[in-house]
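The values are calculated or read from the model by the stated rules, or taken from the named source; none is laboratory data. Note that the structure is a prediction, hence the values are computed from the model and not measured. Cβ placement follows ideal geometry from the backbone for every residue including glycine, while neighbour counts extend to all protein chains displayed. The area values use the complete protein model at the heavy-atom level, side chains included, leaving out ligands, DNA and RNA. Shrake-Rupley method; radii C 1.70, N 1.55, O 1.52, S 1.80 Å.
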Amino acid sequence: MPLWTNCLRPAAMMPVAIALLLAPGRAAEPGISDDVVKIGIMNDQSGLYADLAGPGSVVAAKMAIEEFGGKVLGRKIELVVADHQNKADIGAAKAREWFDRDGVDMIADFSNSSVGFAVQSLAKDKNRIAIIMAASSDFTGKACTATSAQWVYTSYSNGYSLAKTMTDAGSKSWFLLTVDYAFGHAFANDIRKAVTEGGGTVEGEVRHPLNTADLSSYLLQAQSSNAKVVALASAGADMANALKQAAEFGINKDKTFVAPIVFITDVHAMGLATAQGLRFVSAFYWDRNKETQTWSESFSRLHKAMPTMTQAGVYSAVRHYLRAIEAAGTDEATAVMAKMKELPVDDIFTHNGRVREDGLMMHDMYLMQVKQPSESKEPWDYYKVLATLPADKVFPPLEASACPLLKK
């Protein structure tokens, strides 16, 4: 039996089928529809988001299912997997097939906001559950539904809260290096708002096209500014290129670099020499305590890499969903979501989590800094936890939510 089961709940282990399964339509009634609980993991399995989610999310979901011995309420749990290729039309078509033909009860992950929105809307129409691991705050804002939840992070938690935490701690002068499309603009706006509200100043901003290989001219503008903090409102290759070139110019010796969305797989790919000193907000780190270490080491034996916050979040979401089915006595979406909001989220991802009325899973986050190479003692020993950020400080208050479910 894997070590990680010792720190959670013991259960018989059994294989989990990963296949597309034909089944008749389901009825929304007490008990288990079609005599089986079907969970879908939908994400990018082979493209630019495959390392942060991809096959690792499938491993994480299987670990959660295996905790239940592969069954819930005496019925088999089955897992299906799809690659949405970061295209909303492909994701929506597969979700419709799963819901209408295969009897899938819940889909989780996405790791892409456009796909997430498409499936969230479809799940609402089909009375199925969608649990989303993507950044847009609109999932639990104006687009919220009664059968969806957002689990790991939002643009608010990783943009606004990052800047607010650092500005409140004395980092008052900022420069924004922004990728020039909706993702970058949203994070730059959140950062600018937090800095100015905290009494700081944004000394300047430059925007660059997506997938820019040479960022030297943009970085030199940041270097010549009076800013103490350079915010990279970008992700993936753009963020990595900016950090690599900042290190080459020595800019990272004089200025603190921050980024809104960072995964441990990003740091692993860049290396500590490039990423050292980078600050960001994360929902999970494998080496935070003994419990996270034990689970993550079991995950790593299966996946050959330590889990990202998304992959740990998928584990947490699937586990909580299955607990809710047990409590509700059915897999009918409305009843299960009611239990998901009623029960606390208590696992290796968080011990004080709760799903709010608007579907936002409230949990603590962590202000992280990437270690210097000399500070790392073993593989994947990459982060220092600078501070724990309480859920009520890192996410917006419920009264600020634009979720239509909250309207009386």
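Computed values, structure above
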read-out	value
If the convex hull is drawn through the Cα atoms of region 91-143, its volume per residue in Å³	63
Rounded to whole Å, sorted largest first: equivalent-ellipsoid semi-axes of region 368-408, Cα gyration tensor	39, 10, 6
Computed lengthening from S376 to A327, 0.36 nm per intervening residue step minus Cα-Cα distance	13.3 nm
Carbon plus sulfur fraction of accessible area for region 126-261, probe 1.4 Å, in percent	49
Partners for K290 among lysines (Cα-Cα distance below 26 Å; same-chain residues under 8 apart left out)	K62, K304, K371, K377, K384, K393
Heavy-atom surface of the chain, accessible at 1.4 Å and reported per residue (Å²)	38
Cα centroid of region 263-304 to Cα centroid of region 109-146, whole Å	27
Helix-only [θ]222 nm of the chain, DSSP H runs n ≥ 4, -39500 (n - 2.57) each, per residue, nearest 500	-10500 deg cm²/dmol
Mean Kyte hydropathy of 0.0 or more with a Cα span along the axis of at least 15 Å, helices from DSSP in the chain	54-67, 113-126, 309-328
Positive minus negative residues near T265 (Lys, Arg vs Asp, Glu; Cβ under 14 Å)	-2
Net charge over other residues, Cβ less than 12 angstrom from the Cβ of S111 (K, R count +1; D, E count -1)	-4
Part-to-part distance (alpha-carbon centres) for region 50-76 and region 224-244, which is given in Å	36
Paired Rg and Dmax values of region 232-284, which use every Cα atom, in angstrom	10.1, 31
For a label point 7 Å along the Cα-to-beta-carbon line of E248, residues of region 266-285 with backbone N under 20 Å	267-278
Principal axes of region 206-254: Cα extent on each, largest first, Å	26, 19, 16
Computed label-point distance, nm, for sites T201 and K407 using a 7 Å Cα→Cβ extension	4.3
Over 22 Å [Cα-Cα, region 173-316], rounded percent	42
C-alpha center-to-center spacing [region 345-408, region 177-211] in angstrom	22
Debye intensity ratio in log₁₀ form over the Cα atoms of region 301-408, taken at each q of 0.10, 0.13, 0.18, 0.24 Å⁻¹	-0.40, -0.64, -1.01, -1.33
Compactness of the chain - radius of gyration and Dmax, Cα, Å	21.0, 65
Fraction of accessible area attributable to carbon and sulfur, region 345-408 (%, probe 1.4 Å)	51
Calculated P(r) tail over 18 Å for region 57-128, as whole % of Cα pairs	43
FRET efficiency, L73 to Q221 (Cβ-Cβ, R0 51 Å, nearest 0.05)	0.30
Among A163, A213, A231, residue whose mean-square fluctuation peaks in a GNM of the chain (springs only between Cα atoms under 10 Å)	A213
Estimated translational D of region 292-335 in µm²/s (Stokes, Kirkwood radius over Cα pairs; 37 °C; 0.692 mPa s)	278
